[in-house]
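Only one structure is covered here, and it is reproduced in the block below.
The values are calculated or read from the model by the stated rules, or taken from the named source; none is laboratory data. No experiment lies behind these values; they were computed from the predicted model shown. Neighbour counts run over all protein chains shown; Cβ positions are idealised from the backbone, glycine included. All accessible areas refer to the heavy atoms of the entire protein, side chains included, with ligands and DNA or RNA removed. Shrake-Rupley method; radii C 1.70, N 1.55, O 1.52, S 1.80 Å.
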Amino acid sequence: LAKTTQPISMDSYEGQEVNITCSHNNIATNDYITWYQQFPSQGPRFIIQGYKTKVTNEVASLFIPADRKSSTLSLPRVSLSDTAVYYCLVGGGGYNKLIFGAGTRLAVHP
Amino acid sequence: DVKVTQSSRYLVKRTGEKVFLECVQDMDHENMFWYRQDPGLGLRLIYFSYDVKMKEKGDIPEGYSVSREKKERFSLILESASTNQTSMYLCASSQPGDRDLAQHFGDGTRLSIL
């Protein structure tokens, strides 16, 4: 099973770019990498998903190197409302392989 | 937008009680999931279902069972609640395929077992 490792917490300031890296050394060939955002008292919200190279949407970018053993979520120009916990998820080849990391608590300061 | 609704935001039960947590989704999704979330442990998958009356064990199924009699509804059952089942429970749904990891979550039920 592909276990993930993320930093426990990060701090940033409004307007900065934030990069959160997730390590998944045992990722399987058919596994996807997915990131979620969670605010207090709410369920996680899907942010972005990728398999390899780079994926970009209106919210974030996801960078995946060729060996796929890690991935980096990039949040451009964060605001206070981006303060949340971010989860890296690896899986897809059968639902019992869904593994959530412990999450990264991002604090954005004025 | 997909809406996943969990029947209770907060629930308090006693040890040994049978507890039902209900989840309903309105987007005709094939897949439904139950997770629990505990501090420092992230989300852990309890059970999932990919069709009516079908269920599969996740990572931590012990002490739980599930029921899916209708496509839109997925119930989590604690047969005999114990204090170590005090947790936040999250339900999710998704469609199968490449984006089956793009799960839509409810806002959770915070369950306390006394």
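In the protein assembly as shown, a dipole from Cβ-located charges (positive for Lys and Arg, negative for Asp and Glu) runs towards its positive end, and of A:79, A:103, B:81 it is B:81 whose Cα lies farthest in that direction.
Accessible surface calculations at 1.4 Å, restricted to protein heavy atoms, place the protein assembly as shown at 48 Å² per residue. Measuring how big chain B is from its alpha-carbon positions, Rg and Dmax come out at 13.2, 42 Å. Shielding by partners for peptide B:8-16, expressed as the average number of C-beta atoms from other protein chains within 10 Å of each residue's C-beta, is 0.
Summarising the strand pairing of the protein assembly as shown, around 90 percent of its internal DSSP beta bridges are antiparallel.
A simple count of charges around residue A:39, restricted to other residues whose Cβ falls under 11 Å of its Cβ and scoring Lys, Arg +1 and Asp, Glu -1, yields -1. For chain A, lysine pairs with C-alpha atoms less than 17 angstrom apart, excluding pairs fewer than eight positions apart on the same chain, total 5. For the stretch B:6-114, build the charge dipole from Cβ charges (+1 Lys, Arg; -1 Asp, Glu) around the Cα centre, then report which of B:10, B:60, B:114 sits farthest towards its positive end. So the residue we want is B:114. In whole angstrom, chain A maps to an equivalent ellipsoid with semi-axes of 23, 15, 12, each derived as √(5λ) from the alpha carbon gyration tensor and ordered largest first. Chain A contacts chain B over a buried accessible area of about 1900 Å², both sides summed; the probe is 1.4 Å and only protein chains count. Pairs of Lys residues in chain B are counted when their Cα atoms are under 25 angstrom apart and they lie 8 or more places apart or on different chains; the count is 17.
With a cut-off of 14 Å between beta carbons, the residues surrounding residue B:21 carry a summed charge of +3, where Lys and Arg count +1 and Asp and Glu -1.
Each residue of the stretch B:41-48 was assigned a 3J(HN,Hα) from its phi angle through the Karplus expression (A = 6.51, B = -1.76, C = 1.60, θ = phi - 60°), giving 10, x, 9, 10, 7, 9, 8, 9 Hz with x at Gly and Pro.
When chain A is treated as a GNM with alpha-carbon contacts under 10 Å, the residue of A:51, A:13, A:87 showing the greatest mean-square fluctuation is A:13. Within 10 Å of the Cβ of each residue in B:104-111, the mean number of Cβ atoms contributed by other protein chains is 3. Along chain A, the exposed loop sites are trypsin sites (Lys or Arg not before Pro) outside DSSP states H, G, I, E and B with at most 15 other Cβ atoms within 10 Å, and the longest stretch free of them is A:4-51. Rg/Rh, computed from the Cα trace of the protein assembly as shown with Rh as the Kirkwood radius, has the value 0.97. Of the trypsin sites (Lys or Arg not before Pro) found in the stretch B:42-114, those in coil by DSSP whose Cβ has at most 11 other Cβ atoms within 10 Å are B:53.
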